[in-house]
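Colleague: Here's a structure for you.
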Amino acid sequence: MRRGERAWRPRSTARIGAVTARINTGRGAPRAAEFFAGIGLVRAALERAGIEVVFANDIEASKRDMYAANFDTSDFVLGDVRDIRGEDVPDIELATASFPCVDLSLAGRRRGLAGQQSGMFWEFARVLHEMGDRRPTATLLENVPSFATSHGGEDLRAALAQMNDLGYYCDLLVVDARRFVPQSRARLFIVGSKEPLQAADDWQHGFRPKWISQVRDRHPELRLHALPLRLPPVEVGSLAAVVERLPPSDGRWWDAERVERFASSLSSLQAERLASLRASTATTWATAYRRTRAGRAVWEIRDDFISGCLRTARGGSSKQALVEAGRGRVRVRWMTPREYARLQGAHDYNLDGTTDNQALFGLGDAVCVPAVEWVATQYLRPLIDGRLTAQGEELGVECDGGGCAPQMNEAETRADHIDLLPGGVDSSGRLFV
Ligand SMILES: C[S@@+](CC[C@H](N)C(=O)[O-])C[C@H]1O[C@@H](n2cnc3c(N)ncnc32)[C@H](O)[C@@H]1O
């Protein structure tokens, strides 16, 4: 980040409330409906942006229980989105949908939007359609970036065309959680706006990899735009800020035999990595994951001191292990639910009464709070408040603290361009590019 530049930083709910109250004078907080709400991490992010969730829906009772331990559930509808009608949704300014990724992710069967799970996108679209004139000002879709390649790009085109038909211009962003937390988790966000935005032509932005402008070029019939946005600073916390300090006697550490099996599965390069961690003079942490190589399960230790993308832990192979090493010793264990919560930027998430499996499942499937918070404060909130549209008179409004989205000139934006973080994180947690 250059000297003198104002950077966006995650902020506390109270502070955000103070900023947005001034912008929104005369109006209450914007209201949102949260579809595919899961354990509520989209809600956690929206609340930090001063947006109130007035309707939520998810089908999983175990996730609703986690949601209930953290938020008011009087507006939560537990059930199938296929049973929700437009008239069930109260008046809102924003509708969010982090719909299932199973059929879109590279790890899945790639049935795409024809799949039973990811196809729930169409149900979200149907509910919006049924809302008629009450459709919200803004929408937010969230999914994996491989949505863009599903069925050769046809699924993404079809979804964008559907949002266009519902009256929304679309803007695409790929935001990686590692901008905010020590977790690699790139996610595609699609912001829908009922109005075209002013000067929204920033296709080379650091959160817009080249394929996004290629989608625009290939499909001139789609109504797409690209809002100039200030990038958050390239600093993340280190794993040290995430790791629970468990005493050596804690039963969650693997026994010597299991650690030995772990170590003996490592390739020679990996074994060298472990040896160097073991030899370090201070305690260091790294994450490790299992892979199958030539039909054999082997462990690999990440060399960038962040965690890989958390996943739903139903299978078990998707779980990541934590290696604690230094001063000649090595310990290994699975990561804990609290560590998962911290890696999702939800440090204070209440996990009381939640089983470990339930927590790992819910958190692995959830969103990274500060990443969504960034989208909400920098984009959704100014959009809902009418500060970005052609009619908005307050474009470029200044408000101390960066809760608003000040327009950047072209030179500033270009200088900030970083294409999807090709670098890594050093052991102190600083991200280099
Ligand atoms: C990617 S997760 C969303 C996670 C959520 N944003 C969070 O932070 O926890 C997708 C969610 O869709 C829900 N879901 C799947 N099929 C559904 C359906 N037919 N009706 C309603 N919700 C459904 C799942 O239970 C899951 O919680």
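Colleague: Name the pairs whose Cβ atoms lie under 6 Å apart, with the first residue in region 215-242 and in contact (Cβ under 8 Å) with a residue 40 or more places away in the chain and under 13 Å from Y169 (Cβ atoms), the second crowded, with 20+ Cβ neighbours inside 10 Å and among the hydrophobic types (A, V, I, L, M, F, W, C), and 6 or more positions between them or separate chains?
Modeller: Listed pairs, sorted by first residue: L222/L160; L224/C170; H225/L197; L227/L197.
Colleague: Of the residues A240, A321, A294, A282, which single one is surrounded by fewer than 18 Cβ atoms within 10 Å (Cβ to Cβ) and within 25 Å of C101 (Cβ to Cβ)? Don't jump to the end; show me each part of the working.
Modeller: Details: A240 fails: within 25 Å of C101 (Cβ to Cβ); A294 fails: within 25 Å of C101 (Cβ to Cβ); A282 fails: within 25 Å of C101 (Cβ to Cβ).
Testing whether each residue is surrounded by fewer than 18 Cβ atoms within 10 Å (Cβ to Cβ) and within 25 Å of C101 (Cβ to Cβ) leaves just A321.
Colleague: Then there is this: Going by what's in this entry, would R245 be described as at pLDDT 95 or above and among the charged types (D, E, K, R)?
Modeller: yes
Colleague: Also: Output the residues belonging to region 217-266 that are more than 27 Å from A297 (Cα to Cα), out of contact with any Cys (no Cβ under 9 Å at 6 or more places or on another chain) and not in a loop (DSSP other than H, G, I, E, B).
Modeller: If the condition is that a residue be more than 27 Å from A297 (Cα to Cα), out of contact with any Cys (no Cβ under 9 Å at 6 or more places or on another chain) and not in a loop (DSSP other than H, G, I, E, B), then D217, R218, A226, E235, A240, A241 are the ones that fit.
Colleague: A follow-up question, please. Only one of (1) away from the ligand (no atom under 16 Å from the Cβ); (2) more than 24 Å from D58 (Cα to Cα); (3) assigned to a loop (DSSP other than H, G, I, E, B) fails for N164. Which number is that?
Modeller: Going through the list (1) away from the ligand (no atom under 16 Å from the Cβ); (2) more than 24 Å from D58 (Cα to Cα); (3) assigned to a loop (DSSP other than H, G, I, E, B), N164 breaks only (3).
Colleague: Does any residue of region 133-145 turn out to be over 22 Å from the mean Cα position of the chain (by Cα), in a helix (DSSP H, G or I) and not basic (K, R)?
Modeller: Within region 133-145, one or more residues are over 22 Å from the mean Cα position of the chain (by Cα), in a helix (DSSP H, G or I) and not basic (K, R).
Colleague: Away from the ligand (no atom under 16 Å from the Cβ) and either under 21 Å from R223 (Cα atoms) or in contact (Cβ under 8 Å) with a residue 24 or more places away in the chain (or both), is that true of R110?
Modeller: yes
The values are calculated or read from the model by the stated rules, or taken from the named source; none is laboratory data. The model shown is predicted, which means the values in this text are computed figures rather than measured ones. When we count neighbours, we look across all protein chains shown, and the Cβ atoms used for this are built from the backbone with ideal geometry, even at glycine.
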